[in-house]
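Before anything else, here's the structure in question.
The values are calculated or read from the model by the stated rules, or taken from the named source; none is laboratory data. Since this is a predicted model, take the numbers as computed values, not measurements. Neighbour counts are summed over all protein chains in view; Cβ atoms, including those assigned to glycine, are modelled from backbone coordinates with ideal geometry.
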Amino acid sequence: MIPRFKPWLNSREFLALFRPNRGSVKKFERRFASVFNATDAVAFPYGRSALWAFLKSTGIENSEVIMPAYTCSVVAHAITLSGNYPTFVDIDLFDFNMDTDLLQAKITIKTRAIVVTHLFGYPMNVDGIVGSVREAEARFGHKIWIIQDCAHSFGANFDGRPVGETGDVSIYALNISKIMTSIFGGMLTFHNADLADSVRKWRDIHFSRPSTFKSLKRRIYLLAIYIAFWQPIYTLTNWLQSNTSLLDYFTKAFHLDDAIHFPPDYLDKMLDVEALVGLEQLKKYAKNIHQRRENARYYNEMLSSKNGNWVLPPIIDGATYSHYVIRVLDRDHEVRLAKEKGLELGELIQYSVPALASYRDRSALCPKSNVASITTINVPIYPGLTNNQRKKIVEILT
Ligand SMILES: *Cc1c(COP(=O)(O)O)cnc(C)c1O
C-alpha cells in the first residue's frame, strides 16, 4: 500500500532523538527565521497554539477574525478559544484559496484580524489583501492584523517574493502530516523585532516547560511513526486505522473537527528534542520542495489524458504543493478503487468549516467550500516517493 502522506524521515532525524539537545529550540527559531526570510521566529507546541497565543498576546478579543471557509478546523478553534469569532469567506475553486473579491464586504467595524491561508501551498496575492485592509483601517480607525497561515506553504513565493514577507505574522505547523516536521510543533515568524519580542515574552510567561516524561513520549511517538510508515508494515497500519481504534492515540487525541477542542498540552513549550528534529528537516527543505514541484508537474503531465471528470490542480510558480489535489465527481468510488489496487488517496479537509456543528450557527453561505469538501482527493506527492511508486500511482489512476 502506498500511503497518502509520509513524513520524510531518515537516519538523521532518528539520531536526533538521542543527541544532546539543550538550547535547540532557540537554534531552531533562529534557523527557521533565516530559511523563511523572517527577522524572528517564536516556537510553540502546535500551530493552533501559535495562532491562539498571537491573538491573546496582541489583546485581540471579542472581535471578528476573518478566515477562509475551506481550511483546517483548528484555525477556527484557535480563534474561538482566544475569545474571538471566526467570520468565513468562501473560496475560489481554481486554487482553493479565499476569494478576495468577497473579502472587502466581510470586513466590519468588529474585524481585528484576517487569516490569509495559502492552501495546499498555493500562494495568495497578499499585496491585494493589504490594499483592502488599509482601506478598512482608514474607514474604521483601528489596526487590522494580517496573519498568514503558511501551514501548507513554507517558503511559497508569490510573484517571486516569499509569501511570509508581507503582513504582520505567519503561522507554520509542524506535525508529521505537514511539509516538514518537528514531531509536533508550531512556529510564528515576524518582520518586526519588537512584535516578535513581545509575543516571545508573552509565551514565556504563559507556556510552561514540558516534563521529561513528555519528551520521552514524543521520542517513542516518532519511533512508532518510523515503524508505522515502514513499507512492509504500512498495509497493516492502514488496516488498523480503518478497522480499529488502536491508533486513535496518534490521530484523534490531537485533532477533532466537530468539537471546539485543543489538546491538553497546548500550553507547553516546544521540546528541545522536537526542535532538533526540526533542524534536521530544515536542512532538507529545499530538496523537499523541489521534489514536490517535480512530482506535481509529473502528475499533471501524466494524468492530463484522464477523462473530463477530473479537474487537475493548477501548476503555479512558487507553489509548494503540500498536497496534490484533484477534484472528482465520485470521491468514495475513486478512493475505494485506488485502495483495491494498493494506493491510499487522501481526503484531506472533508468539511467546510462553517458547516461543522460547532460553527453552524454562524454559517455563512460558502457553496464553493462545500463543493471542495466533497469532491477533493489528494495523490501522494511527498519527497520520499520513488520513481517506481510514482509510475505505479499513475498506472493505478489511469
Ligand atoms: C495543520 C494546520 C494548522 C495547524 O496545525 P497544528 O499544528 O495541527 O495545530 C493550521 N492551518 C492549516 C491550514 C493546517 O493545515
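Based on this model, can you work out whether TYR172 counts as within 16 Å of the ligand (Cβ to nearest atom), in contact (Cβ under 8 Å) with a residue 60 or more places away in the chain and either crowded, with 19+ Cβ neighbours inside 10 Å or not charged (D, E, K, R) (or both)? Reasoning before the result, please.
Details: within 16 Å of the ligand (Cβ to nearest atom): yes; in contact (Cβ under 8 Å) with a residue 60 or more places away in the chain: yes; either crowded, with 19+ Cβ neighbours inside 10 Å or not charged (D, E, K, R) (or both): yes.
So TYR172 fits the description; yes.
Step by step: first the residues of the stretch 245-264, then only those that are hydrophobic (A, V, I, L, M, F, W, C) and at pLDDT below 85, then the one that is farthest from ALA78 (Cα to Cα). Which residue is that?
So in the stretch 245-264, the residues hydrophobic (A, V, I, L, M, F, W, C) come out as 246-247, 250, 253-254, 256, 259-260, 262.
Still in the list and also at pLDDT below 85: 246-247, 250, 253-254, 256.
Working: LEU246: 28, LEU247: 25, PHE250: 21, ALA253: 16, PHE254: 13, LEU256: 12 Å.
Filtering first and then ranking leaves LEU246.
I'm trying to understand the selection: among the residues of the stretch 175-190, which are of a type in the set (S, T, N, Q) and surrounded by fewer than 24 Cβ atoms within 10 Å (Cβ to Cβ)? I'd like the intermediate steps shown before the answer.
Within the stretch 175-190, the first condition is being of a type in the set (S, T, N, Q), and the residues that meet it are 175, 177, 181-182, 189.
Matches in the stretch 175-190: ASN175, SER177, THR181.
If you don't mind, there's one more thing I want to ask. Run ASP92 past the list (1) away from the ligand (no atom under 14 Å from the Cβ); (2) closer than 16 Å to GLY167 by Cβ; (3) touching a residue at least 12 places away in the same chain (Cβ under 8 Å); (4) of a type outside the set (Phe, Trp, Tyr) and report the number of the one that doesn't hold.
(2)
Could you say whether any residue in the stretch 151-161 is hydroxyl-bearing (Ser, Thr, Tyr), at pLDDT 95 or above, more than 12 Å from the ligand (Cβ to nearest atom) and at negative phi? It would help to see each step written out before you state the result.
To start, the set of residues in the stretch 151-161 that are hydroxyl-bearing (Ser, Thr, Tyr) comprises 153.
Pick out the ones that are also at pLDDT 95 or above and you get 153.
If we keep only those that are more than 12 Å from the ligand (Cβ to nearest atom) too, we end up with none.
No, the conditions are met nowhere in the stretch 151-161.
I need a count of the residues in the stretch 147-161 that are surrounded by 21 or more Cβ atoms within 10 Å (Cβ to Cβ) and outside any loop (DSSP other than H, G, I, E, B).
So the count comes out to 4.
Among the residues that make up the stretch 183-197, is at least one of them aromatic (Phe, Trp, Tyr) and either within 16 Å of the ligand (Cβ to nearest atom) or in a strand (DSSP E or B) (or both)?
From the stretch 183-197, those aromatic (Phe, Trp, Tyr) are 184, 190; that's our starting set.
Subset that is either within 16 Å of the ligand (Cβ to nearest atom) or in a strand (DSSP E or B) (or both): 184, 190.
Checked the stretch 183-197: at least one residue is aromatic (Phe, Trp, Tyr) and either within 16 Å of the ligand (Cβ to nearest atom) or in a strand (DSSP E or B) (or both).
A further question follows. I'm trying to understand the selection: among the residues of the stretch 33-51, which are surrounded by 14 or more Cβ atoms within 10 Å (Cβ to Cβ) and either part of a loop (DSSP other than H, G, I, E, B) or aliphatic (A, V, I, L, M) (or both)? Spell out the reasoning first.
In the first step, residues of the stretch 33-51 are kept if they are surrounded by 14 or more Cβ atoms within 10 Å (Cβ to Cβ); the result is 33, 35-38, 40-51.
Across the stretch 33-51, the qualifying residues are ALA33, VAL35, PHE36, ASN37, ALA38, ALA41, VAL42, ALA43, PRO45, ALA50, LEU51.
Considering PHE44, PHE28, which residue is farther than 25 Å from PHE96 by Cβ, aromatic (Phe, Trp, Tyr) and near the ligand (Cβ under 10 Å from one of its atoms)? Break it down stepwise before answering.
Working: PHE28 fails: near the ligand (Cβ under 10 Å from one of its atoms).
Answer to the check: PHE44.
Residue by residue, here is whether (1) part of a helix (DSSP H, G or I); (2) touching a residue at least 60 places away in the same chain (Cβ under 8 Å); (3) out of contact with any His (no Cβ under 9 Å at 6 or more places or on another chain) holds:
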{"site": "LEU9", "(1), (2), (3)": "no, yes, yes"}
{"site": "PHE14", "(1), (2), (3)": "yes, yes, yes"}
{"site": "VAL25", "(1), (2), (3)": "yes, yes, yes"}
{"site": "ARG31", "(1), (2), (3)": "yes, yes, yes"}
{"site": "ALA53", "(1), (2), (3)": "yes, yes, no"}
{"site": "ASN62", "(1), (2), (3)": "no, no, yes"}
{"site": "ILE66", "(1), (2), (3)": "no, no, yes"}
{"site": "TYR70", "(1), (2), (3)": "no, yes, yes"}
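Now a separate question. Specify which of the listed residues (ILE326, ILE381) is in contact with a strand residue (DSSP E or B) (Cβ under 8 Å, 6 or more places away or on another chain), farther than 24 Å from HIS77 by Cα and either part of a loop (DSSP other than H, G, I, E, B) or of a type in the set (S, T, N, Q) (or both). Walk me through how you get there before you give the answer.
Values: ILE326 fails: either part of a loop (DSSP other than H, G, I, E, B) or of a type in the set (S, T, N, Q) (or both).
Among ILE326, ILE381, only ILE381 is in contact with a strand residue (DSSP E or B) (Cβ under 8 Å, 6 or more places away or on another chain), farther than 24 Å from HIS77 by Cα and either part of a loop (DSSP other than H, G, I, E, B) or of a type in the set (S, T, N, Q) (or both).
Within the group SER242, SER305, which residue is modelled with pLDDT under 85, part of a helix (DSSP H, G or I) and among the small types (Gly, Ala, Ser)? Full working, then the answer.
Details: SER305 fails: part of a helix (DSSP H, G or I).
On inspection, the qualifying residue turns out to be SER242.
ILE377 - would you say it is out of contact with any Cys (no Cβ under 9 Å at 6 or more places or on another chain) and either at pLDDT 95 or above or within 16 Å of the ligand (Cβ to nearest atom) (or both)?
Working: out of contact with any Cys (no Cβ under 9 Å at 6 or more places or on another chain): yes; either at pLDDT 95 or above or within 16 Å of the ligand (Cβ to nearest atom) (or both): yes.
Judged against the criteria, ILE377 is a match.
Let me ask something else. For the stretch 81-121, give me each residue that is closer than 27 Å to ASN378 by Cβ and in a helix (DSSP H, G or I).
THR100, ASP101, LEU102, LEU103, LEU119, PHE120, GLY121, listed by residue number.
Here's another thing I want to ask about it. Among the candidates THR320, THR386, which residue alone is farther than 15 Å from TYR70 by Cβ and touching a Phe, Trp or Tyr at 6+ places or on another chain (Cβ under 8 Å)?
Numbers: THR386 fails: touching a Phe, Trp or Tyr at 6+ places or on another chain (Cβ under 8 Å).
Answer to the check: THR320.
Residue by residue through the stretch 314-355, note down the ones that are under 24 Å from LYS287 (Cβ atoms), in contact with a helix residue (DSSP H, G or I) (Cβ under 7 Å, 6 or more places away or on another chain) and within 16 Å of the ligand (Cβ to nearest atom).
Listed by number, the residues that qualify are ALA319, THR320, TYR321, SER322, HIS323, TYR324, VAL325.
What are the pairs, 6+ residues apart or on separate chains, where a residue within the stretch 134-147 that is under 24 Å from THR189 (Cβ atoms) has its Cβ under 7 Å from a residue that is of a type in the set (Lys, Arg)?
Final answer for the pair search is GLU137/LYS143; ILE144/ARG112; TRP145/ARG112.
Determine, yes or no, whether ALA224 is modelled with pLDDT under 95, assigned to a helix (DSSP H, G or I) and within 23 Å of the chain's Cα centre (by Cα). Break it down into steps so the answer makes sense when it comes.
Numbers: modelled with pLDDT under 95: yes; assigned to a helix (DSSP H, G or I): yes; within 23 Å of the chain's Cα centre (by Cα): yes.
Taking the combined requirement at face value, the residue satisfies it.
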